[in-house]
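Coordinate-derived values only; no laboratory data. Bear in mind that the values here come from a model prediction, so they are computed numbers and not experimental data. Positions of Cβ are generated from backbone atoms using ideal geometry, with glycine treated the same way; all protein chains shown enter the neighbour counts.
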Amino acid sequence: MPDPRFKILTSASTSGPGDAGRTGSWRVERPIIDYSKCTPAKTGRHTCHLCWLYCPDSTVSKDLEPQIDLEYCKGCSICAEECPTGAISMVSEEEFTGGDKDE
Ligand code: SF4
Ligand code: SF4
């Protein structure tokens, strides 16, 4: 049975389109999750989810393998800072786009 304290936790914000909404074109770094280090992914249990809780733009899902919506992710690295297992790395966007900001 889930811990009842966990059930009352909610992410503080919701993502949505707007002036600062879709930020994929100006994000400098993107978070990459190594599921081999991620506690819910490893255990098959809904534990941790601190990345979901702390993301200021609510772009992380609360799945067993948390997914990050890169349409909205700002690349702020808070999730990487808060992840207790070091599962999230911030990687330069240039590694994915080759410097082309439209991708
Ligand atoms: S880098 Fe920032 S905006 Fe992107 S998923 Fe992590 S906490 Fe959320
Ligand atoms: S904070 Fe780290 S260990 Fe916890 S759910 Fe997110 S990626 Fe997994």
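List of remarks:
- Count Lys and Arg as plus one, Asp and Glu as minus one, and take only other residues whose Cβ is under 12 Å from that of Thr39; the net charge is then +1.
- As a proxy for reagent exposure, Arg45, Arg27 were ordered by neighbouring Cβ count within 10 angstrom, fewest first; the result is Arg45, Arg27.
- Using the Karplus relation 6.51 cos²θ - 1.76 cosθ + 1.60 with θ = phi - 60°, the per-residue 3J(HN,Hα) values for segment 70-79 come to 6, 5, 10, 4, 8, x, 6, 6, 4, 4 Hz, with x marking Gly and Pro.
- Cβ-based charge dipole, segment 26-96, positive-most Cα from Tyr72, Met90, Cys55: Cys55
- Lys, Arg +1 and Asp, Glu -1 on Cβ, resulting dipole of segment 26-96 about Cα centre, debye, nearest 20: 340 debye
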